[in-house]
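These notes concern the structure reproduced below.
The values are calculated or read from the model by the stated rules, or taken from the named source; none is laboratory data. Just so it is clear, the structure is predicted and the values come from calculations on it, not from any experiment. Every residue, glycine among them, receives a Cβ derived from its backbone with ideal geometry; neighbour counts consider all protein chains shown. Accessible surface is based on the protein model in full, side chains and every heavy atom, while ligands, DNA and RNA are left aside. Shrake-Rupley method; radii C 1.70, N 1.55, O 1.52, S 1.80 Å.
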Amino acid sequence: MSWLFGVMFALGAGLVQHDESPLTPADGQVLEDSLEEILRNVPVAMNSGSGNDVGDRIPRTVVVTERSVNGYLRFQGASLLPPGVDDPIVKMNRNGLVNISANLDLDQLRKQQTSQALGLLSYLGGTVPMNATGVVRSAVGTILFDVESVEVGSIRV
């Protein structure tokens, strides 16, 4: 596919000035608009391999900000989160490192899963913090999240 579609994450304090104001549904709408733009361009990307139309092969960039992701998770995407997962926060760093934190209600998660699925966590209860760290990489038409570590409470999973 000759059409290049890149997704850039606006990362770190050097690239985007952090806004300390409370998140709003409008912040989440920014991510929804970005995702719609990506989906609108998919047919163009798939049909531009003929090499006849140079305009269809112009690289396109969609910026996804930390604020828009967190706004989406708080408002528009809250119903998409599994029961027992609350208050997710995504932090993006300049080098592609992403940290995702949330609170997990282990009692509620246990109701949704078999004891084998939760493993050692099936012996715990209450609400505990979860922290996952990984690196986001993008290539032509794909975004990959390589998980480096996951901790639930003080247990490395």
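THR61 meets each of the listed conditions (1) modelled with pLDDT under 80; (2) under 19 Å from VAL128 (Cβ atoms); (3) of a type in the set (S, T, N, Q) apart from (2). If only residues of the range 74-89 that are in contact (Cβ under 8 Å) with a residue 24 or more places away in the chain and closer than 18 Å to ILE38 by Cβ are counted, the one that is least open to solvent (accessible area, probe 1.4 Å) is GLY77.
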